[in-house]
Amino acid sequence: MSKTQRLLNILFYINRQRKVTAGELSAEFDISVRTVQRDLAELEAWGVPLYSEPGPGGGYTVLRNNILPPSFFTEDEGIALYFSYQHLLLLHALPFQSEIKAASDKLYASFPDAVKGKIDQLKERVAFWAPPSKADVPFLNELLDAAVEQIEIRIAYESRNGPSNRAIVPYGLYTSGGLWYCPAYDRKSGGDRLFRADRILSLEKLAPAQNSSVTLKQWMEKEETRTQAPLKVLLSKNGVRECKTLPFLSDHLTINEDGTGFIDTLAPLEEVPFMAKQFILLGEDVYVQEPKELVNEMIKRAEDVLRMYRTDG
């Protein structure tokens, strides 16, 4: 066994056992205690966070997190993984953001010079675009922890109607349009609510949630069964191009031979305000036929804007 292989085996052995003595390592790898001590010193020089506890019941342990065993990738797999990390880092807020950056740096450092050169060239030719959002989300990790551990939390939340305090049980987190959203059971209303994570002003853990095991996937499946109405929209060529960039519309888009298109599907009535805001931005490139609720909402928004400018004049 090579020295490098032995050092890795010692590292993963300590990680599995949580705490070992030099004598146990000596017996396990058939080396002297002095060699064990030299190997441990070399692992520390590599940057491995080892902790030595002297005296009876003491030993060596790896600090902070478990060390995962090595994985072996092909060149293309390694490059694909590296650029996946880069894409994630485009989000302004991200769970485990520093850890993802550290993993990306470690992966790049492990590549041979030829592969590093290929990655550097690809950086000049490949770019990932993400909707710009500079909203800070100071409690993102805490929200995720509460969802995973199913803990009820108290939050101060900034809504359109002003700040309020709420006790909620988060189901999970998802990102859309560069923003993070947290669906949760809301104690005050007695039902599900969707919260913008960047609008949470404070967070306090309360206690384990009682009789709550709803997952994010289950919540999303439930959302698909909400009261829906026919959504019928006509689109110009430019409207088609714009709708291709909107995730909630692109899957329902039908394109005609002349480049124009239409949407004929079902949509939740609860989403009328959101859809009105999106469609009104497309101006003359979109004509909404149904539902009536959406048409009326777009008319109201257009009249509000017109009234504002007439008042200013």
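Some notes on this structure:
- 0 to 90° range, to nearest 10: angle between helix 75-88 axis and the chain longest Cα axis: 50 degrees
- Computed from label points 7 Å out along Cα-Cβ, the spacing between residue 207 and residue 141 is 2.8 nm.
- Rounded to the nearest 0.05, the FRET efficiency derived from the C-beta distance between residue 265 and residue 225 at R0 = 22 Å is 0.90.
- Three semi-axes describe the equivalent ellipsoid of the chain; taken as square roots of 5 times the Cα gyration tensor eigenvalues and ordered largest first, they are 52, 27, 17 Å.
- Gyration tensor verdict on the range 252-308 (Cα atoms; rounded if a/c is under 1.5, prolate if a/b is larger than b/c, oblate otherwise): oblate
- Taking other Cβ atoms within 10 Å as a rough exposure proxy, 243, 182 sort from fewest to most as 243, 182.
- Residue 1/residue 45 FRET efficiency (R0 22 Å; Cβ-Cβ; nearest 0.05): 0.65
- GluC sites (Glu not before Pro) within the range 205-313: DSSP coil, no more than 16 neighbouring Cβ in 10 Å: 224, 257
- Taking the Cα centre of the chain as reference, the dipole from Cβ charges on Lys and Arg (+1) and Asp and Glu (-1) amounts to some 600 debye.
- Counting only Cβ charges, +1 for Lys and Arg and -1 for Asp and Glu, the dipole size of the range 179-313 around its Cα centre is about 520 debye.
- Whole-number percent relative contact order across the chain, with pairs defined as alpha carbons under 8 Å at least 6 apart: 10 percent
- Springs join every pair of Cα atoms under 10 Å in this Gaussian network model of the chain, and among 198, 39, 136 the largest mean-square fluctuation is at 39.
- Pairs of Cα atoms in the range 103-156 fall into 10 Å distance bins, from 0 up to the last occupied one, in shares of 17, 25, 24, 24, 10, 0 percent.
- Prolate/oblate/rounded label for the range 140-223 (Cα gyration tensor, a/c 1.5): rounded
- Sequence of 263, 299 once ranked by neighbouring C-beta atoms within 10 Å, starting from the fewest: 299, 263
- Distance (nanometres) between label positions extended 7 Å along Cα→Cβ at residue 77 and residue 103: 1.5 nm
- Of all lysines in the structure, the ones whose alpha carbon falls short of 25 Å from that of residue 3, not counting any fewer than 8 places away in one chain, are 19, 106.
- Taking amide H as placed 1.01 Å from N in the peptide plane, residue 206 has its amide H under 5 Å from the amide H of 152, 153, 154, each at least 5 places away in sequence or on another chain.
- Close amide H pairs (under 5 Å, H built 1.01 Å from N) link residue 231 with 265, 266, 267, residues at least 5 positions away or on another chain.
- Residue exposure sequence - 120, 192 - by fewest surrounding Cβ within 10 Å: 120, 192
Throughout, read-outs are computed from the coordinates displayed, never taken from laboratory work. Computed from a predicted structure; not experimentally measured. Every residue, glycine among them, receives a Cβ derived from its backbone with ideal geometry; neighbour counts consider all protein chains shown.
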